[in-house]
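Asks: Dropping a structure here in C-alpha coordinates format, bear with me for questions.
The values are calculated or read from the model by the stated rules, or taken from the named source; none is laboratory data. On a predicted model such as this, the values are computed, not experimentally measured, just so you know. Cβ placement follows ideal geometry from the backbone for every residue including glycine, while neighbour counts extend to all protein chains displayed.
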Amino acid sequence: MDEVGRQPEGLRFSDVQKLLGQVSPSTVNKILKELTAAGALHKARDGRYVMGMKACFWGRSVVARQGPMQVVRECMTELHERFEASVNLFTCSGEHMLCLESITSPQSPSLWPAGKSLPLHLPVIGSIFFFTQEQLADKGFMRAECRRHDSGLNPEKVLEMVRNARATAVQFDAGLFYTGVYRLAVPVMEQGRVAMVLGLGVLQARVSSRDVVDRISAAMIEMKDRVERNMNM
(Lines give C-alpha, C1' and ligand atoms only; values in the text may rest on other atoms or scores of the structure.)
Protein backbone atom coordinates (compact mmCIF):
# COMPACT_ATOMS: atom_id res chain seq x y z
CA MET A 1 0.00 0.00 0.00
CA ASP A 2 2.88 2.35 0.81
CA GLU A 3 4.49 1.71 -2.57
CA VAL A 4 1.21 2.15 -4.47
CA GLY A 5 0.79 5.46 -2.67
CA ARG A 6 4.18 6.57 -3.98
CA GLN A 7 3.41 5.57 -7.56
CA PRO A 8 0.56 7.69 -9.03
CA GLU A 9 0.56 5.57 -12.17
CA GLY A 10 0.12 2.39 -10.10
CA LEU A 11 1.93 -0.96 -10.07
CA ARG A 12 1.82 -3.89 -12.47
CA PHE A 13 1.44 -7.46 -11.21
CA SER A 14 5.16 -8.03 -11.88
CA ASP A 15 6.03 -4.88 -9.89
CA VAL A 16 4.13 -6.19 -6.88
CA GLN A 17 5.74 -9.61 -7.15
CA LYS A 18 9.20 -8.03 -7.23
CA LEU A 19 8.34 -5.70 -4.34
CA LEU A 20 7.26 -8.66 -2.16
CA GLY A 21 10.47 -10.56 -2.77
CA GLN A 22 9.56 -12.68 -5.79
CA VAL A 23 6.87 -14.67 -3.96
CA SER A 24 4.71 -17.07 -5.98
CA PRO A 25 2.22 -15.62 -8.50
CA SER A 26 -0.65 -17.31 -6.62
CA THR A 27 0.32 -15.46 -3.42
CA VAL A 28 0.52 -12.13 -5.25
CA ASN A 29 -2.83 -12.82 -6.90
CA LYS A 30 -4.45 -13.65 -3.52
CA ILE A 31 -3.12 -10.45 -1.92
CA LEU A 32 -4.22 -8.25 -4.83
CA LYS A 33 -7.65 -9.86 -5.01
CA GLU A 34 -8.23 -9.36 -1.28
CA LEU A 35 -7.11 -5.73 -1.30
CA THR A 36 -9.18 -5.02 -4.40
CA ALA A 37 -12.28 -6.70 -2.95
CA ALA A 38 -11.87 -4.63 0.23
CA GLY A 39 -11.67 -1.40 -1.78
CA ALA A 40 -8.10 -0.70 -0.70
CA LEU A 41 -6.84 -1.11 -4.29
CA HIS A 42 -8.44 -0.61 -7.70
CA LYS A 43 -7.42 -2.38 -10.90
CA ALA A 44 -7.26 0.18 -13.70
CA ARG A 45 -8.09 -0.58 -17.34
CA ASP A 46 -4.43 -0.98 -18.24
CA GLY A 47 -4.04 -3.66 -15.54
CA ARG A 48 -2.12 -1.51 -13.07
CA TYR A 49 -3.15 -1.41 -9.42
CA VAL A 50 -3.83 2.03 -7.95
CA MET A 51 -5.28 3.32 -4.67
CA GLY A 52 -8.91 2.34 -4.12
CA MET A 53 -11.59 4.70 -2.84
CA LYS A 54 -11.57 3.18 0.65
CA ALA A 55 -7.81 3.65 1.00
CA CYS A 56 -8.04 7.25 -0.21
CA PHE A 57 -10.92 7.97 2.19
CA TRP A 58 -9.12 6.39 5.14
CA GLY A 59 -5.93 8.26 4.28
CA ARG A 60 -7.76 11.57 4.37
CA SER A 61 -9.38 10.61 7.66
CA VAL A 62 -6.03 9.75 9.24
CA VAL A 63 -4.46 13.00 8.08
CA ALA A 64 -7.43 14.93 9.46
CA ARG A 65 -7.12 13.13 12.79
CA GLN A 66 -3.38 12.69 13.09
CA GLY A 67 -3.49 13.75 16.72
CA PRO A 68 -5.99 11.05 17.77
CA MET A 69 -4.17 8.37 15.76
CA GLN A 70 -0.93 9.24 17.53
CA VAL A 71 -2.73 8.84 20.85
CA VAL A 72 -4.08 5.45 19.70
CA ARG A 73 -0.56 4.25 18.85
CA GLU A 74 0.76 5.43 22.21
CA CYS A 75 -2.05 3.59 24.01
CA MET A 76 -1.43 0.40 22.02
CA THR A 77 2.28 0.54 22.81
CA GLU A 78 1.57 1.04 26.50
CA LEU A 79 -0.79 -1.96 26.62
CA HIS A 80 1.70 -4.07 24.68
CA GLU A 81 4.56 -3.26 27.02
CA ARG A 82 2.60 -3.42 30.28
CA PHE A 83 1.02 -6.82 29.65
CA GLU A 84 3.40 -8.35 27.07
CA ALA A 85 0.35 -8.70 24.84
CA SER A 86 -0.46 -8.44 21.17
CA VAL A 87 -2.62 -5.40 20.46
CA ASN A 88 -4.68 -4.57 17.36
CA LEU A 89 -6.85 -1.73 16.10
CA PHE A 90 -9.84 -2.47 13.86
CA THR A 91 -12.37 -0.47 11.92
CA CYS A 92 -15.35 -1.70 9.92
CA SER A 93 -16.74 -0.85 6.50
CA GLY A 94 -19.81 -2.64 5.24
CA GLU A 95 -19.35 -6.35 5.81
CA HIS A 96 -15.60 -6.24 6.39
CA MET A 97 -13.33 -5.42 9.29
CA LEU A 98 -9.91 -3.98 8.57
CA CYS A 99 -6.93 -4.28 10.91
CA LEU A 100 -5.41 -0.79 10.88
CA GLU A 101 -2.56 -1.21 13.35
CA SER A 102 -0.91 -4.24 14.93
CA ILE A 103 1.74 -4.78 17.60
CA THR A 104 2.77 -8.41 18.07
CA SER A 105 4.29 -9.78 21.26
CA PRO A 106 6.54 -12.87 21.11
CA GLN A 107 4.93 -13.99 24.40
CA SER A 108 1.36 -13.70 23.11
CA PRO A 109 -0.56 -14.63 19.98
CA SER A 110 -0.99 -12.13 17.18
CA LEU A 111 -4.67 -11.38 16.65
CA TRP A 112 -4.41 -10.32 13.01
CA PRO A 113 -1.70 -8.64 10.93
CA ALA A 114 -2.07 -4.95 10.08
CA GLY A 115 -3.67 -4.39 6.68
CA LYS A 116 -5.67 -7.62 6.88
CA SER A 117 -9.28 -7.37 5.71
CA LEU A 118 -11.66 -9.85 7.34
CA PRO A 119 -15.33 -10.67 6.79
CA LEU A 120 -17.47 -9.43 9.67
CA HIS A 121 -17.92 -12.63 11.71
CA LEU A 122 -18.43 -13.21 15.41
CA PRO A 123 -15.02 -14.81 16.16
CA VAL A 124 -13.14 -11.71 14.96
CA ILE A 125 -12.25 -9.95 18.20
CA GLY A 126 -14.36 -6.85 18.76
CA SER A 127 -16.80 -7.67 15.95
CA ILE A 128 -19.72 -7.73 18.40
CA PHE A 129 -19.44 -3.94 18.69
CA PHE A 130 -20.05 -3.59 14.94
CA PHE A 131 -23.08 -5.92 14.85
CA THR A 132 -26.50 -4.45 15.59
CA GLN A 133 -28.24 -5.32 18.84
CA GLU A 134 -30.97 -7.00 16.79
CA GLN A 135 -28.43 -9.35 15.19
CA LEU A 136 -26.86 -10.21 18.52
CA ALA A 137 -30.29 -10.88 20.04
CA ASP A 138 -31.24 -13.18 17.13
CA LYS A 139 -30.55 -16.71 18.42
CA GLY A 140 -30.76 -18.17 14.91
CA PHE A 141 -28.13 -15.75 13.67
CA MET A 142 -25.92 -16.44 16.67
CA ARG A 143 -26.20 -20.22 16.28
CA ALA A 144 -25.27 -19.92 12.59
CA GLU A 145 -22.23 -17.77 13.45
CA CYS A 146 -21.14 -20.31 16.07
CA ARG A 147 -21.52 -23.27 13.69
CA ARG A 148 -19.57 -21.41 11.03
CA HIS A 149 -16.60 -21.19 13.43
CA ASP A 150 -16.86 -24.47 15.35
CA SER A 151 -19.75 -26.94 15.42
CA GLY A 152 -18.96 -27.69 19.07
CA LEU A 153 -19.18 -24.04 20.18
CA ASN A 154 -21.91 -23.44 22.77
CA PRO A 155 -24.18 -20.58 21.56
CA GLU A 156 -25.46 -19.96 25.08
CA LYS A 157 -21.94 -19.27 26.35
CA VAL A 158 -21.35 -16.93 23.43
CA LEU A 159 -24.63 -15.12 24.16
CA GLU A 160 -23.59 -14.74 27.80
CA MET A 161 -20.25 -13.28 26.67
CA VAL A 162 -22.09 -10.82 24.40
CA ARG A 163 -24.42 -9.75 27.21
CA ASN A 164 -21.45 -9.14 29.53
CA ALA A 165 -19.67 -7.15 26.82
CA ARG A 166 -22.75 -4.99 26.22
CA ALA A 167 -23.10 -4.36 29.97
CA THR A 168 -19.44 -3.55 30.64
CA ALA A 169 -18.25 -2.21 27.23
CA VAL A 170 -15.40 -4.76 27.44
CA GLN A 171 -15.48 -7.99 25.47
CA PHE A 172 -13.69 -10.88 27.19
CA ASP A 173 -14.03 -14.14 25.28
CA ALA A 174 -12.11 -16.28 27.84
CA GLY A 175 -10.85 -18.71 25.20
CA LEU A 176 -14.31 -19.38 23.76
CA PHE A 177 -13.27 -19.05 20.14
CA TYR A 178 -9.62 -20.09 20.37
CA THR A 179 -8.59 -22.55 23.06
CA GLY A 180 -5.82 -21.27 25.31
CA VAL A 181 -6.12 -17.67 24.08
CA TYR A 182 -7.71 -14.89 26.12
CA ARG A 183 -8.86 -11.94 24.00
CA LEU A 184 -10.32 -8.62 25.12
CA ALA A 185 -11.72 -5.69 23.16
CA VAL A 186 -13.21 -2.24 23.78
CA PRO A 187 -15.13 -0.01 21.35
CA VAL A 188 -13.77 3.47 20.58
CA MET A 189 -16.72 5.83 20.15
CA GLU A 190 -16.84 8.94 17.98
CA GLN A 191 -19.90 11.16 17.91
CA GLY A 192 -22.02 8.40 19.43
CA ARG A 193 -21.00 5.58 17.08
CA VAL A 194 -18.35 2.86 17.15
CA ALA A 195 -15.49 4.17 15.01
CA MET A 196 -12.82 1.62 15.92
CA VAL A 197 -12.20 -1.33 18.23
CA LEU A 198 -9.07 -1.89 20.31
CA GLY A 199 -8.28 -5.59 20.75
CA LEU A 200 -5.73 -7.41 22.92
CA GLY A 201 -4.67 -11.05 23.07
CA VAL A 202 -2.69 -13.04 25.63
CA LEU A 203 -2.06 -16.73 26.14
CA GLN A 204 -4.21 -18.18 28.92
CA ALA A 205 -1.04 -19.61 30.49
CA ARG A 206 0.21 -16.05 31.06
CA VAL A 207 -2.91 -15.06 33.00
CA SER A 208 -2.37 -16.28 36.54
CA SER A 209 -5.69 -15.10 37.98
CA ARG A 210 -8.91 -13.23 37.27
CA ASP A 211 -7.20 -10.21 38.82
CA VAL A 212 -4.89 -10.02 35.80
CA VAL A 213 -7.89 -9.94 33.45
CA ASP A 214 -9.47 -7.21 35.59
CA ARG A 215 -6.29 -5.14 35.41
CA ILE A 216 -6.11 -5.52 31.64
CA SER A 217 -9.79 -4.55 31.34
CA ALA A 218 -9.28 -1.47 33.50
CA ALA A 219 -6.24 -0.44 31.45
CA MET A 220 -8.13 -0.87 28.17
CA ILE A 221 -11.04 1.25 29.43
CA GLU A 222 -8.52 3.90 30.49
CA MET A 223 -6.99 3.85 26.97
CA LYS A 224 -10.45 3.96 25.37
CA ASP A 225 -11.36 7.05 27.43
CA ARG A 226 -8.06 8.73 26.55
CA VAL A 227 -8.55 8.17 22.81
CA GLU A 228 -12.20 9.23 22.86
CA ARG A 229 -11.40 12.48 24.69
CA ASN A 230 -8.89 13.29 21.97
CA MET A 231 -11.19 12.29 19.09
CA ASN A 232 -14.23 14.14 20.36
CA MET A 233 -12.59 17.40 21.45
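Asks: So, Glu3, is that one touching a helix residue (DSSP H, G or I) at 6+ places or on another chain (Cβ under 6 Å), among the acidic types (Asp, Glu) and surrounded by fewer than 15 Cβ atoms within 10 Å (Cβ to Cβ) or not?
Replies: Taking the combined requirement at face value, the residue satisfies it.
Asks: When segment 143-162 is examined, which residues are found to be of a type outside the set (D, E, K, R) and under 22 Å from Leu98 (Cα atoms)?
Replies: Once the filter is applied, which keeps residues that are of a type outside the set (D, E, K, R) and under 22 Å from Leu98 (Cα atoms), segment 143-162 yields Cys146, His149, Val162.
Asks: Let me ask you something else. Here's a check for you: in segment 114-140, which residue that is among the hydroxyl-bearing types (Ser, Thr, Tyr) and touching a residue at least 24 places away in the same chain (Cβ under 8 Å) is farthest from Glu160 (Cα to Cα)?
Replies: Among those residues, the one meeting the criterion is Ser117.
Asks: Are there helices (runs of 4 or more DSSP H) fully within segment 1-94 with at least 1 residues that are modelled with pLDDT of 85 or more and either in the same structural domain as Arg226 (by TED's automatic domain parsing) or under 16 Å from the mean Cα position of the chain (by Cα) (or both)? List them.
Replies: In segment 1-94, 25-37, 66-83 are the helices (runs of 4 or more DSSP H) which contain 1 or more residues that are modelled with pLDDT of 85 or more and either in the same structural domain as Arg226 (by TED's automatic domain parsing) or under 16 Å from the mean Cα position of the chain (by Cα) (or both).
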